[in-house]
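A.B. asks: Right, I'll just put the structure down here and ask away after.
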Amino acid sequence: MKQPALLLLIFAIALALVVVLTDRHPESNSTASSRAVAPGVAAPTSLGSQLVVSDCSGCHSLATLANHPQSRAQWTQTVAQMEQIGAQVNPEDEPVLIDYLARRFGPSQP
(Lines give C-alpha, C1' and ligand atoms only; values in the text may rest on other atoms or scores of the structure.)
Protein backbone atom coordinates (compact mmCIF):
# COMPACT_ATOMS: atom_id res chain seq x y z
CA MET A 1 0.00 0.00 0.00
CA LYS A 2 2.89 2.38 0.72
CA GLN A 3 4.61 1.79 -2.61
CA PRO A 4 1.79 3.31 -4.78
CA ALA A 5 1.71 6.37 -2.50
CA LEU A 6 5.48 6.77 -2.83
CA LEU A 7 5.28 6.47 -6.61
CA LEU A 8 2.51 9.07 -6.69
CA LEU A 9 4.61 11.44 -4.59
CA ILE A 10 7.64 10.98 -6.86
CA PHE A 11 5.45 11.60 -9.91
CA ALA A 12 4.00 14.78 -8.38
CA ILE A 13 7.45 16.14 -7.57
CA ALA A 14 8.73 15.33 -11.06
CA LEU A 15 5.70 17.02 -12.61
CA ALA A 16 6.21 20.11 -10.46
CA LEU A 17 9.85 20.27 -11.56
CA VAL A 18 8.81 20.09 -15.20
CA VAL A 19 6.39 23.00 -14.66
CA VAL A 20 9.03 25.17 -13.02
CA LEU A 21 11.81 24.24 -15.41
CA THR A 22 9.74 24.89 -18.54
CA ASP A 23 8.67 28.44 -17.68
CA ARG A 24 8.38 30.38 -20.93
CA HIS A 25 8.81 33.89 -19.49
CA PRO A 26 12.54 34.51 -19.28
CA GLU A 27 13.52 37.52 -17.23
CA SER A 28 16.58 39.59 -18.00
CA ASN A 29 19.98 39.94 -16.38
CA SER A 30 20.40 39.57 -12.59
CA THR A 31 22.78 38.19 -10.01
CA ALA A 32 20.95 34.85 -9.87
CA SER A 33 21.49 34.12 -13.56
CA SER A 34 24.94 32.73 -12.81
CA ARG A 35 23.86 30.33 -10.05
CA ALA A 36 25.02 26.77 -10.56
CA VAL A 37 22.74 23.82 -11.24
CA ALA A 38 23.66 20.27 -10.29
CA PRO A 39 25.15 18.14 -13.06
CA GLY A 40 22.52 16.17 -14.93
CA VAL A 41 19.70 18.54 -13.94
CA ALA A 42 18.18 20.79 -16.57
CA ALA A 43 18.79 24.45 -15.82
CA PRO A 44 15.70 26.52 -15.04
CA THR A 45 14.76 28.62 -18.05
CA SER A 46 13.94 31.90 -16.31
CA LEU A 47 15.42 33.95 -13.53
CA GLY A 48 12.21 33.48 -11.51
CA SER A 49 12.42 29.70 -11.71
CA GLN A 50 16.14 29.84 -10.89
CA LEU A 51 15.34 31.87 -7.79
CA VAL A 52 12.69 29.40 -6.65
CA VAL A 53 15.18 26.56 -7.02
CA SER A 54 18.04 28.41 -5.32
CA ASP A 55 16.15 30.37 -2.65
CA CYS A 56 13.09 28.26 -1.82
CA SER A 57 13.62 24.61 -2.68
CA GLY A 58 16.17 24.05 0.07
CA CYS A 59 13.25 23.97 2.51
CA HIS A 60 10.12 23.70 0.36
CA SER A 61 9.19 21.24 -2.37
CA LEU A 62 7.63 22.51 -5.58
CA ALA A 63 4.56 20.51 -4.66
CA THR A 64 4.24 22.61 -1.51
CA LEU A 65 4.27 25.79 -3.59
CA ALA A 66 1.76 24.38 -6.07
CA ASN A 67 -0.55 23.14 -3.32
CA HIS A 68 -0.67 26.54 -1.60
CA PRO A 69 -1.53 29.12 -4.29
CA GLN A 70 -1.34 32.74 -3.15
CA SER A 71 -1.91 36.20 -4.58
CA ARG A 72 0.98 38.58 -5.24
CA ALA A 73 0.30 40.34 -1.90
CA GLN A 74 0.28 37.00 -0.08
CA TRP A 75 3.53 35.89 -1.75
CA THR A 76 5.10 39.23 -0.78
CA GLN A 77 4.12 38.59 2.84
CA THR A 78 5.28 34.96 2.70
CA VAL A 79 8.69 35.91 1.28
CA ALA A 80 9.09 38.54 4.03
CA GLN A 81 8.17 35.94 6.67
CA MET A 82 10.66 33.45 5.23
CA GLU A 83 13.38 36.12 5.29
CA GLN A 84 12.59 36.81 8.96
CA ILE A 85 13.27 33.17 9.80
CA GLY A 86 16.46 32.90 7.79
CA ALA A 87 15.75 32.71 4.05
CA GLN A 88 18.52 34.42 2.08
CA VAL A 89 16.95 36.35 -0.80
CA ASN A 90 18.95 39.04 -2.58
CA PRO A 91 16.92 42.28 -2.29
CA GLU A 92 17.47 42.92 -6.02
CA ASP A 93 15.96 39.53 -6.86
CA GLU A 94 12.98 39.76 -4.52
CA PRO A 95 10.58 41.46 -7.02
CA VAL A 96 11.45 38.87 -9.68
CA LEU A 97 10.92 36.00 -7.22
CA ILE A 98 7.57 37.37 -6.04
CA ASP A 99 6.41 37.99 -9.62
CA TYR A 100 7.31 34.44 -10.59
CA LEU A 101 5.61 32.93 -7.52
CA ALA A 102 2.45 34.95 -8.20
CA ARG A 103 2.39 33.95 -11.89
CA ARG A 104 3.21 30.26 -11.45
CA PHE A 105 1.73 29.58 -8.02
CA GLY A 106 -1.09 32.12 -7.89
CA PRO A 107 -4.75 31.34 -7.22
CA SER A 108 -5.66 31.40 -10.92
CA GLN A 109 -3.20 28.61 -11.82
CA PRO A 110 -4.74 25.18 -12.56
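A.B. asks: Go through the range 43-105 and tell me which helices (runs of 4 or more DSSP H), entirely inside it, have 2 or more residues that are under 9 Å from the mean Cα position of the chain (by Cα) and at negative phi. Write out each step before concluding.
C.D. replies: Values: elements: 47-51, 62-67, 72-84, 94-104.
Hits in the range 43-105: 47-51, 62-67, 94-104.
A.B. asks: Can you work out which of the residues in the range 88-110 that are small (G, A, S) and surrounded by fewer than 17 Cβ atoms within 10 Å (Cβ to Cβ) is nearest to T45 (Cα to Cα)? Break it down into steps so the answer makes sense when it comes.
C.D. replies: We begin by selecting, within the range 88-110, every residue small (G, A, S); these are 102, 106, 108.
Filter once more, keeping what is surrounded by fewer than 17 Cβ atoms within 10 Å (Cβ to Cβ): 106, 108.
Values: G106: 19, S108: 22 Å.
Of everything passing the filter in the range 88-110, G106 is nearest to T45 (Cα to Cα).
A.B. asks: If V20 satisfies all but one of (1) surrounded by 13 or more Cβ atoms within 10 Å (Cβ to Cβ); (2) modelled with pLDDT under 60; (3) part of a loop (DSSP other than H, G, I, E, B), what's the number of the condition it fails?
C.D. replies: With respect to (1) surrounded by 13 or more Cβ atoms within 10 Å (Cβ to Cβ); (2) modelled with pLDDT under 60; (3) part of a loop (DSSP other than H, G, I, E, B), V20 is out only on (3).
A.B. asks: Let me spell it out: the conditions are (1) farther than 25 Å from I10 by Cα; (2) at pLDDT 90 or above, and H25 meets all of them except one. Which number is the exception?
C.D. replies: (2)
A.B. asks: Additional query: Pairs under 6 Å by beta carbon, first residue free of Cβ contacts under 8 Å to residues at least 24 places away in the same chain and buried (at least 20 other Cβ atoms within 10 Å of the Cβ) in the range 47-61, partner among the hydrophobic types (A, V, I, L, M, F, W, C) and part of a helix (DSSP H, G or I), six or more apart or different chains?
C.D. replies: Going by the 6 Å Cβ cut-off, the qualifying pairs are Q50/A32.
The values are calculated or read from the model by the stated rules, or taken from the named source; none is laboratory data. Only a predicted model underlies this, so the values are computations on that prediction, with no experimental measurement involved. Ideal geometry is used to build each Cβ from the backbone, glycine not excepted, and the neighbour counts take in all protein chains shown.
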